[in-house]
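Everything below concerns the one structure shown next.
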Amino acid sequence: MKKAFITKEQVEEIVKKYPTPFHIYDEEGIVNNAKAVYEAFSWNKGFKEYFAVKATPNPALMKILKDCGCGFDCSSDTELMLSGCIGAKGSDIMFSSNDTPAEEYVYADKIGAIINLDDITHIDYLEQAIGRIPETISCRYNPGGVFRMSNGIMDNPGDSKYGMTRDQLFEAYEILRKKGAKKFGIHAFLASNTVTNDYYPTLAGQLFELAVELQNKTGCEIAFINLSGGVGIPYRPDQEGNDIKVIGEGVHKKFDEILVPAGMGEVAIFTEMGRFMMGPYGGLVTKAIHEKHIYKEYIGVDACAVDLMRPAMYGAYHHITVLGKENAPTDHVYDVTGSLCENNDKFAIERSLPEIEMGDYLFIHDTGAHGYSMGYNYNGKLKSAEILLKKDGSAELIRRAETPRDYFATLSCLKEYETLEAIMKDEGI
Ligand SMILES: *Cc1c(COP(=O)(O)O)cnc(C)c1O
């Protein structure tokens, strides 16, 4: 059974100051999980987790991870800036972007981030942008075809836009070496949200063999291997979660089998997990404000898809707990909807839940990654607040909710329309 990390009583206290909807994050859960990740890879001297900032771009949360030893994986200049805000610099930052604008390479280089090239053509592009090739550089690999694991789970790297082909990778290393690069990394992201302990070990096995071949054929020193993201979480209550300890041991075994005999036992293992680091430690708290009985039973809540897009976008399952009714029988079937004028704005479809009364608080689970961060302003909806539930049980506002003033802020034409300004004045915004 999935349990919310917050109670109805705690929410009733928080809403006195910060009304729903809001995303709330569990500091204790984040820290314990980050510690377990470091413990699982403690056999590797250079291990570092570069948290994928896109999953949860809030400096207060990033700071918690930084204090656990994490660096940051960025793919835009604002993500680089966010990392800079909390004092991450140099090799604390991985810049794994694609279709990269020149200015972003310039900025990443300026702050000393490790640059991970998505394509062979980016070698010249980077050199033109920053005037040289950095001493430490990484390349993203795409093996093409189908990626299979022993348990049958697979994904299709051949259909994805990322990375270089095998031949390009060998060529890229040669070119980079000639242009002055000294330390090399390999990066690959081949499957997403893998709820299996086999993904990293399978990927690691392939990348380790490739690394040995690359080092032998090109003479380049492979300094690190970046397993990237893709480690999943159990969104559904019947799924069994990953065991990071087993995953770490699986990678260790491949390391000892492949890299150590090749004299490459000093290679550092990097990860760029987003979802696994943060997903389960965030929840969206929203209030039931309407019930509707037509051809189906609907519960309307005060959050909508702009707060959490995954169900609308991917049909993703997010578990829902009705706070205070954790042990009540789930004998009602509802569609739980937001207010967007889009019929896919549903947090749950035909979900068995306890009877919901108006004013009940719903906890939508596992919104800690790719939740708030995917938000948008469709239908003029404003983005919610983010709150940190600290270890001592207190709640800290780490991002206020947007106001209409934020929504109008980028409308450079607004000055010309006095009535709108007047409305905003009347509304006190
Ligand atoms: C999205 C992304 C990640 C994180 O993926 P998760 O599935 O959240 O672990 C890591 N690296 C890169 C380059 C990404 O684009």
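The values are calculated or read from the model by the stated rules, or taken from the named source; none is laboratory data. A quick note: this is a predicted structure, and the numbers were derived from the prediction, not measured. Reconstructed Cβ throughout: ideal geometry from the backbone, glycine too, with neighbour counts over all protein chains shown. Accessible surface is based on the protein model in full, side chains and every heavy atom, while ligands, DNA and RNA are left aside. Shrake-Rupley method; radii C 1.70, N 1.55, O 1.52, S 1.80 Å.
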On average, how much accessible surface per residue is there in the chain, in Å², for a 1.4 Å probe, leaving out ligands, DNA and RNA? 45 Å²
Out of the GluC sites (Glu not before Pro) in the range 89-175, which ones are loop residues according to DSSP with at most 14 other C-beta atoms within 10 Å? GLU135
Counting only C-alpha contacts under 8 Å and six or more residues apart, can you give the relative contact order of the chain as a whole percent? 18 percent
What is the distance in Å between the Cα centroid of the range 46-100 and that of the range 198-274? 20 Å
When a/c reaches 1.5 or more, the comparison of a/b and b/c decides; with that in mind, is the range 280-408 rounded, prolate or oblate per its Cα gyration tensor? oblate
Would you work out what percent of the accessible area of the range 343-417, with all protein chains in place, is carbon or sulfur (probe 1.4 Å)? 48 percent
Quick one: 3J(HN,Hα) in Hz for the range 156-169, Karplus 6.51/-1.76/1.60 with θ = phi - 60°, rounded, Gly and Pro as x. 10, x, x, 9, 9, 7, 8, x, 10, 6, 4, 4, 4, 4
The range 124-238: relative contact order as a whole-number percent, Cα under 8 Å and 6+ apart: 28 percent
Of the heavy-atom accessible surface of the range 98-248 (probe 1.4 angstrom), what whole percent is carbon and sulfur? 44 percent
Starting at the first residue of the range 187-202, write each ³J(HN,Hα) from the Karplus equation 6.51 cos²θ - 1.76 cosθ + 1.60 with θ = phi - 60°, in whole Hz, x for Gly and Pro. 9, 8, 10, 10, 8, 10, 6, 7, 8, 7, 7, 8, 4, 4, x, 5
Cα radius of gyration and Dmax for the range 27-278 (Å): 17.1, 53
The range 110-131 and the range 304-381: distance between their alpha carbon centers, rounded to Å: 41 Å
Please list, by residue number, every one of the chymotrypsin sites (Phe, Trp or Tyr not before Pro) in the range 354-405 that is coil in DSSP and has at most 14 other beta-carbon atoms within 10 Å. TYR376
With an 8 Å Cα cut-off and a minimum separation of 6 or more residues, compute the relative contact order for the range 74-137 in percent. 30 percent
Multiply the residue gap between GLU39 and LEU382 by 0.36 nm, knock off their C-alpha separation, and tell me the result in nm, one decimal place. 119.5 nm
Relative to the compact globular guide of 2.2 N^0.38 Å, what is the alpha carbon radius of gyration of the chain, as a ratio? 1.06
Whole-Hz Karplus couplings 3J(HN,Hα) for the range 346-352, θ = phi - 60° and coefficients 6.51, -1.76, 1.60, Gly and Pro as x, run 9, 7, 8, 10, 6, 9, 7
List the GluC sites (Glu not before Pro) in the range 326-429 that DSSP assigns to loop (not H, G, I, E or B) and whose Cβ has at most 10 other Cβ atoms within 10 Å. Which are they? GLU427
